[in-house]
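Notes for the one structure printed next.
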Amino acid sequence: MQDPKRYTITAALPYTNGPVHIGHLAGVYVPADIYARFQRLQGKDVAFVCGSDEHGVPITLKAKKEGITPQQVVDKYHAIIKQSFEDFGITFDNYSRTSAKVHHDTASEFFKKLYDEGKFIEEVTEQLYDAEADQFLADRFVVGTCPKCGNEESYGDQCEACGTTHNATDLINPKSAITGAVPTLKETKHWFLPLDQYEPFLKEWILKDHKKDWKTNVYGQCKSWIDDGLRPRAVTRDLDWGIPVPVEGAEGKVLYVWFDAPIGYISATKEWAEREGKDWEPYWKSDDTKLLHFIGKDNIVFHCIIFPSMLKADGTYIMPDNVPANEFLNLEGNKISTSKNWAVWLHEYLEDFPGQQDVLRYTLTANAPETKDNDFTWADLQAKNNNELVAIFGNFINRVTVLTHKYYDGVVPAPAAFSEVDEKTLAELKAYPAVIESSIERYRFREAQQELMNVARLGNKYLADEEPWKTIKVDEERTKTIMYVALQIASALAVLSEPFIPFTSVKLKNMLNVSSSPSTSSGQAKVENSIKWADVSTNEELITPGHTINKNELLFSKIEDTQIQAQLDKLAASKLANEIANKEVTPQKDTCTFDDFTKLDMRVGTIIEAEKMPKAKKLLVLKVDTGIDIRTIVSGIAESFTPEEIIGKQVTVLVNLAPRALRGVDSEGMILMTEMPDGKLVFVNPDTSTPLSAGSDGVANGETIN
């Protein structure tokens, strides 16, 4: 699309079943914010909208787990998420929520219009049903084996391992996430959007029109779906939490969350427009609007197949120009998991690193999973901060501002004649806005940020080569020119950094005593001490001689090893707590009587021979002197002990256990073992009945353990 009149930018609605973590930020919200901030700097009309996704099964599961109502869950996490975004500098024009009345009304009206126009198929089908819980198992109420990749923990609507979306009835060996019971099939009535009817449209719109400009991962996933043949998709569910289906005969049914949620973009725009006194419709229904969806790869199908089909069915909406989906971000080599608490939560980062929002923004953009899954490590965040933000960007600005105050009391000097190096440096500076702009418009934010840092590198090299701290002693006029050029670079950084590290941009503008204003028509008068993005590319001075800058302050501070270790310790503690919480403990067996216990004949024996059972990974064949005889005992301890290290050890033996044949060898007793918290098997010490890896020499063979 050439020069759109306005931009409607959406960011995937976060589920309100937990806080926002760095995976969400890297995949969706930071790149969307960079793009929105950049377009505003160009003077574009931008509506950047998002909101909390407060319906769907994950909300009800969270409520059951915490023993509260779904409304209490969404209220709690909506507040946390909204505040975190604000504190982190995500500049939504409106952050709404799908429990808002405007959304309920918008989603209901959207469904009713399609229903009245006969765009749905009404069918009675068999759905999975949990008789024990007395309810149908929609989406994440059921888990089972993914029919595509074999993941045994796939949800009923989507497999998180391979990203495939499917119906709950497609799962292999399904079970209820509520009771654990094996579900049955039961008939129920639902309304379906016949995606197959929109296949010709999708082939033309995606496979032909967007083959070259959409990301490979987005185009490839869409093509795979279309090539497999599209089938009708249910847009209603049997649930008691969500937006009620607004037609007769739909009692106990709500709109499917993936029909409901994307309409949240529209309702959020309506809410914003009403507040600002605008008309919302041009942002969704005008051909001179550029509509963009920033999402993660697990949402591609919903935003590129289902939602566009819904919009096409309505017939009055524009289609998204692009859907720049990112891959996943891992954490310290492992997949980020909300359920396992393996994450860096945004609200906790803001508490632990106050005033350092840009450090995380910069690191996440530098490691953005734009074309493949990427990894976040705390060591890398420290390196990005100390070796790049502090040592390159911060170092250049510090030198420029300190020297300006030292030599000229903070007043920008007038330059003398420009040398060839000066002219070359200024020409190189003027080229950067177009380079950064090109990368942003192609959704290559990592590349764009690297070019921003190259501007800082340009400044550092210029100062290092020209050495104003030396020329000031021999050539004051030359020094004025050097500092003038360096201040132009610093001023450019103040504007060009705004989309990427906005808090730093504000600090730098305050230090330089300038402001930024959106680029507008060339005929408009320049605002005093303001710099437009476009100014960096022109021959105009960004900061003029005689202008006074403010006192220097450090833009960044070093992150110490102790701070990083504290975060690693927090992750380790979280991992351990999760393992303990989810460890399966064998239930206590049925109560036995004292008489039952006295039947057990336990004696101290000595292992006199030991060898591995052929073709058996876990078994050792032992000869044990029990004091009453020498007998053969087969024991499953080969993964914990070698035959050589246990010969001569005293062990506790249950001698009156009925013999049992194991791989053709009669085992005539049982060695008593126990498992330590780390999972290691140890012998029960016959002297004290406490676990030790060696027996006690103080108990004679054959002595009965009482």
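The values are calculated or read from the model by the stated rules, or taken from the named source; none is laboratory data. Just so we're clear, the structure is a prediction, and the values are computed from it rather than from any experiment. Glycine also receives a Cβ, built like all others from the backbone with ideal geometry; neighbour counts cover every protein chain displayed. Ligands, DNA and RNA are excluded from the accessible area calculation, which covers all protein heavy atoms including side chains. Shrake-Rupley method; radii C 1.70, N 1.55, O 1.52, S 1.80 Å.
Among Ala573, Ala581, Ala577, which is of a type in the set (Gly, Ala, Ser), under 30 Å from Asn341 (Cα atoms) and in contact (Cβ under 8 Å) with a residue 60 or more places away in the chain? So that I can check it myself, show each step before the final result.
Values: Ala573 fails: in contact (Cβ under 8 Å) with a residue 60 or more places away in the chain; Ala581 fails: in contact (Cβ under 8 Å) with a residue 60 or more places away in the chain.
It is Ala577.
Of everything in the stretch 152-181 that's at pLDDT 85 or above, in a loop (DSSP other than H, G, I, E, B) and open to solvent by less than 40 Å² (accessible area, probe 1.4 Å), which residue is farthest from Arg231 (Cα to Cα)? That would be Ala181.
In the set Gly315, Gly277, Gly264, Gly249, which member is open to solvent by 10 Å² or more (accessible area, probe 1.4 Å) and either in contact (Cβ under 8 Å) with a residue 40 or more places away in the chain or touching a Phe, Trp or Tyr at 6+ places or on another chain (Cβ under 6 Å) (or both)? Steps first, please.
Numbers: Gly315 fails: either in contact (Cβ under 8 Å) with a residue 40 or more places away in the chain or touching a Phe, Trp or Tyr at 6+ places or on another chain (Cβ under 6 Å) (or both); Gly277 fails: either in contact (Cβ under 8 Å) with a residue 40 or more places away in the chain or touching a Phe, Trp or Tyr at 6+ places or on another chain (Cβ under 6 Å) (or both); Gly264 fails: open to solvent by 10 Å² or more (accessible area, probe 1.4 Å).
On inspection, the qualifying residue turns out to be Gly249.
Identify, from the list Ser52, Ser108, Ser84, the residue that is part of a strand (DSSP E or B), in contact with a Pro (Cβ under 7 Å, 6 or more places away or on another chain) and not aliphatic (A, V, I, L, M).
On the way: Ser108 fails: part of a strand (DSSP E or B); Ser84 fails: part of a strand (DSSP E or B).
Of Ser52, Ser108, Ser84, the one residue that is part of a strand (DSSP E or B), in contact with a Pro (Cβ under 7 Å, 6 or more places away or on another chain) and not aliphatic (A, V, I, L, M) is Ser52.
Quick one: Pro58 ticks every box in (1) open to solvent by 10 Å² or more (accessible area, probe 1.4 Å); (2) within 15 Å of His103 (Cβ to Cβ) bar one, so which box is it? For Pro58, the failing item is (2).
Taking the criterion of being over 19 Å from Arg37 (Cβ atoms) and touching a residue at least 60 places away in the same chain (Cβ under 8 Å), would at least one residue in the stretch 491-511 satisfy it? Within the stretch 491-511 (the criterion being over 19 Å from Arg37 (Cβ atoms) and touching a residue at least 60 places away in the same chain (Cβ under 8 Å)), the answer is yes, since at least one residue qualifies. Residues in the stretch 288-312 that are outside any helix (DSSP H, G or I) and either among the small types (Gly, Ala, Ser) or buried (at least 18 other Cβ atoms within 10 Å of the Cβ) (or both): Thr289, Lys290, Leu291, Leu292, His293, Phe294, Ile295, Gly296.
Name the residue, out of Thr562, Thr591, that is of a type outside the set (Gly, Ala, Ser), at pLDDT 90 or above and not in a strand (DSSP E or B).
On the way: Thr591 fails: at pLDDT 90 or above.
Exactly one of Thr562, Thr591 is of a type outside the set (Gly, Ala, Ser), at pLDDT 90 or above and not in a strand (DSSP E or B), namely Thr562.
Applying the criterion of being under 8 Å from Ser537 (Cα atoms) and touching a helix residue (DSSP H, G or I) at 6+ places or on another chain (Cβ under 7 Å) to the residues of the stretch 423-433, the residue that is most open to solvent (accessible area, probe 1.4 Å) is Lys430.
So that you can scan it fast, the table gives a plain yes or no per residue for (1) outside any strand (DSSP E or B); (2) at positive phi; (3) at pLDDT below 90; (4) not aromatic (Phe, Trp, Tyr):
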residue: Lys623; (1), (2), (3), (4): no, no, no, yes
residue: Arg631; (1), (2), (3), (4): no, no, no, yes
residue: Val634; (1), (2), (3), (4): no, no, no, yes
residue: Glu639; (1), (2), (3), (4): yes, no, yes, yes
residue: Val682; (1), (2), (3), (4): no, no, yes, yes
residue: Ser689; (1), (2), (3), (4): yes, yes, yes, yes
residue: Gly695; (1), (2), (3), (4): yes, no, yes, yes
residue: Gly698; (1), (2), (3), (4): yes, no, yes, yes
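If you go through the stretch 210-220 and pick out every residue that is among the charged types (D, E, K, R) and either assigned to a helix (DSSP H, G or I) or surrounded by 15 or more Cβ atoms within 10 Å (Cβ to Cβ) (or both), you end up with 1.
The residues listed here are Arg444, Arg457; of these, the one that is closer than 16 Å to Arg399 by Cα, out of contact with any strand residue (DSSP E or B) (no Cβ under 6 Å at 6 or more places or on another chain), open to solvent by 60 Å² or more (accessible area, probe 1.4 Å) and not aliphatic (A, V, I, L, M) is Arg457.
Considering only the stretch 319-399, give the helices (runs of 4 or more DSSP H) lying wholly within it that have at least 2 residues that are out of contact with any helix residue (DSSP H, G or I) (no Cβ under 6 Å at 6 or more places or on another chain) and among the acidic types (Asp, Glu). Spell out how you get there, then give the answer.
Values: elements: 346-352, 357-366, 378-384.
Passing ranges, in order: 346-352.
Of all positions in the stretch 606-613, at least one carries a residue that is of a type in the set (A, V, I, L, M) and over 14 Å from Ile671 (Cα atoms). Going through (1) in contact (Cβ under 8 Å) with a residue 24 or more places away in the chain; (2) farther than 21 Å from Ala26 by Cβ; (3) not polar (S, T, N, Q) one by one, Phe302 falls short only on (2). Restricting the stretch 235-246 to residues that are buried (at least 21 other Cβ atoms within 10 Å of the Cβ) and hydrophobic (A, V, I, L, M, F, W, C) leaves a set whose member that is nearest to Thr371 (Cα to Cα) is Val235.
Would you confirm, using the coordinates I've provided, whether Lys223 is among the charged types (D, E, K, R), open to solvent by 10 Å² or more (accessible area, probe 1.4 Å) and touching a helix residue (DSSP H, G or I) at 6+ places or on another chain (Cβ under 8 Å)? Yes: the conditions hold for Lys223. Looking across the stretch 123-148, the residues that are part of a strand (DSSP E or B), touching a residue at least 40 places away in the same chain (Cβ under 8 Å) and surrounded by 13 or more Cβ atoms within 10 Å (Cβ to Cβ) come down to Thr125, Gln127, Leu128, Tyr129, Asp130, Gln135, Phe136, Val142.
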